[in-house]
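Read the structure below first, then the notes.
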Amino acid sequence: MDVRTEFVVGAGYAVYRGPTTDCSVHAHGAFQIAVAVRDAVAMKDSSGHTRSASALVVRPMARHRLLATDELVTFFVEPQCVFADRLRECCSGDITAAPELAGLRATDIGQGGARSSTALDPRLLDALTMLRERTVPMPLLAASVGLSPQRLRALAREQVGMPLPRWRMWSRLRRAAEALQDGHPLAEAAVTAGFADQAHLTRLMRDMMGLTPSAVLPALRGQSLRAT
């Protein structure tokens, strides 16, 4: 049957709806909420154990692999937004069953994606925002928010669970997705987002999302795929 796919980038989050194949092991720079359209969604953790539920939450930078399904809804919630505070509270491990999120919709995130976290250090929030908008050398970034480079690195690992260079790469992926959604060719979207070339974008997207740009392009353009 034909399944219409959708990938929408919003303030502080992105959402995909459609089929998935068995993807490679990867680690997002954001929280992932995978919601089953029917039955359950399943994924393997870094140890190879399978977790299955109506909704699963994955912490940022947790290695995992999503198993194939005809259709699901998956949200990527950036760690600096206030909606992520709710996810930090519910996560008991790298992958957590969260049936209370089974009915989640993009409108439920709403302004929670645009508003800044109340749980993170404000200086870290400022640094994340700066890196999201442009590349800043670590000494200058740390000085801009009134911290030493060592303390800023430690805050990032403690509070968002990832090194700042990975957050910078995730932010570039977001910019590339926005460019593709606006109709730019792959090569142009890669350069616009700060990647050396299309191959660089492809490698990083596979590492951080388990997918390639050509695989998500139909979803970004709202095209139909045939689910088997």
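Kindly provide the set of residues from segment 64-84 that are assigned to a strand (DSSP E or B) and not hydrophobic (A, V, I, L, M, F, W, C), ordered by number. HIS64, ARG65, THR69, ASP70, GLU71, THR74 - these are the residues of segment 64-84 that are assigned to a strand (DSSP E or B) and not hydrophobic (A, V, I, L, M, F, W, C).
Residues in segment 154-172 that are out of contact with any Pro (no Cβ under 9 Å at 6 or more places or on another chain) and in a helix (DSSP H, G or I): ALA154, LEU155, GLU158, LEU164, PRO165, ARG168, MET169, SER171, ARG172. Among the helices (runs of 4 or more DSSP H) confined to segment 173-228, the ones with at least 2 residues that are of a type in the set (Gly, Ala, Ser), open to solvent by less than 30 Å² (accessible area, probe 1.4 Å) and at pLDDT 90 or above are located at 186-192. Taking into account only those residues within segment 85-142 that are of a type in the set (Lys, Arg) and modelled with pLDDT under 90, which is farthest from the chain's Cα centre (by Cα)? Applying the filter and picking the extreme gives ARG134.
Candidates are the residues of segment 98-121 that are in contact with a helix residue (DSSP H, G or I) (Cβ under 7 Å, 6 or more places away or on another chain) and farther than 14 Å from ALA11 by Cα; the one that is most open to solvent (accessible area, probe 1.4 Å) is THR118.
When segment 77-97 is limited to residues that are more than 16 Å from GLU158 (Cβ to Cβ) and hydrophobic (A, V, I, L, M, F, W, C), the one that is surrounded by the fewest Cβ atoms within 10 Å (Cβ to Cβ) turns out to be CYS90. If the condition is being among the small types (Gly, Ala, Ser) and under 17 Å from ARG172 (Cα atoms), then segment 106-138 contributes only ALA127. Residues in segment 19-39: is at least one free of Cβ contacts under 8 Å to residues at least 40 places away in the same chain, more than 21 Å from THR129 (Cα to Cα) and not β-branched (Val, Ile, Thr)? Yes - at least one qualifying residue is present in segment 19-39. What about GLU158, is it closer than 19 Å to ARG63 by Cα, open to solvent by 50 Å² or more (accessible area, probe 1.4 Å) and of a type in the set (Asp, Glu)? Taking the combined requirement at face value, the residue satisfies it.
The values are calculated or read from the model by the stated rules, or taken from the named source; none is laboratory data. Quantities reported herein were computed from a predicted structural model and do not represent experimental measurements. Glycine also receives a Cβ, built like all others from the backbone with ideal geometry; neighbour counts cover every protein chain displayed. What goes into the accessible areas is simple: the full protein's heavy atoms, side chains included, and nothing from ligands, DNA or RNA. Shrake-Rupley method; radii C 1.70, N 1.55, O 1.52, S 1.80 Å.
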